[in-house]
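Worksheet: the structure to be examined is printed underneath.
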Amino acid sequence: MCDHIVGDDNVFRVGDNLVFNYDPSRHNVFKVNGTFFQRCTFPPQNEALSTGKDIIPLKTEETKWYVCGIADNCSARHMKFIITVLAESAPAPSLPPSSDAHSVVSSVFGVVMATMVAIAVIFA
Ligand SMILES: [Cu+2]
């Protein structure tokens with residue numbers, strides 16, 4: 001499940017939740033900066049998210065970087081994930097018209113983005 005590379009279209013909105021679904025015995029999640037992201041380096045292990053279902057409320061407009069800190073998952077298996085959080089009122093980016101405008105899914109961590117009202121678990 002972690003062999004997929006995420007595209008550039010991971011656009012979220014302030015007020016959305018980012019949900020990481022993964023097997024905590026095999027993966028974890030670190031929020032890192034852009035440099036760490038590029039190099040696949042991590043903060044101390046005790047800063048990892050490791051519940052297997054981490055829900056991150058997106059409250060500010062920013063770019064966020066996440067990597068898996070287990071073994072060489074990040075460097076060898078591309079378990080890294082970048083998202084862009086836009087202001088709630090920003091013009092809609094070019095999302096596929098057929099899909100739910102609030103669903104941006106990555107299979108890297110089994111990442112699911114959901115609105116405040118519904119968390120849809122979608123696994124690629
Ligand atoms: Cu991993």
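The values are calculated or read from the model by the stated rules, or taken from the named source; none is laboratory data. Nothing here was measured: the structure is a model prediction, and the numbers come from that model. Methodologically, a virtual Cβ is constructed for each residue, glycine included, from the backbone with ideal geometry; neighbour enumeration extends over all protein chains shown.
Condition check ((1) within 19 Å of F20 (Cα to Cα); (2) modelled with pLDDT under 65) across all residues:
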position	(1), (2)
I56	yes, no
E61	no, no
Y66	yes, no
M79	yes, no
E88	no, no
A92	no, yes
P97	no, yes
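May I ask you to list the residues in segment 38-74 that are surrounded by 14 or more Cβ atoms within 10 Å (Cβ to Cβ) and hydroxyl-bearing (S, T, Y)?
Passing the criteria: T41, S50, Y66.
Restricting to segment 45-90, name every residue that is charged (D, E, K, R) and either more than 11 Å from the ligand (Cβ to nearest atom) or touching a Phe, Trp or Tyr at 6+ places or on another chain (Cβ under 9 Å) (or both).
Within segment 45-90, E47, K53, D54, K59, E61, E62, K64, K80, E88 meet the criteria.
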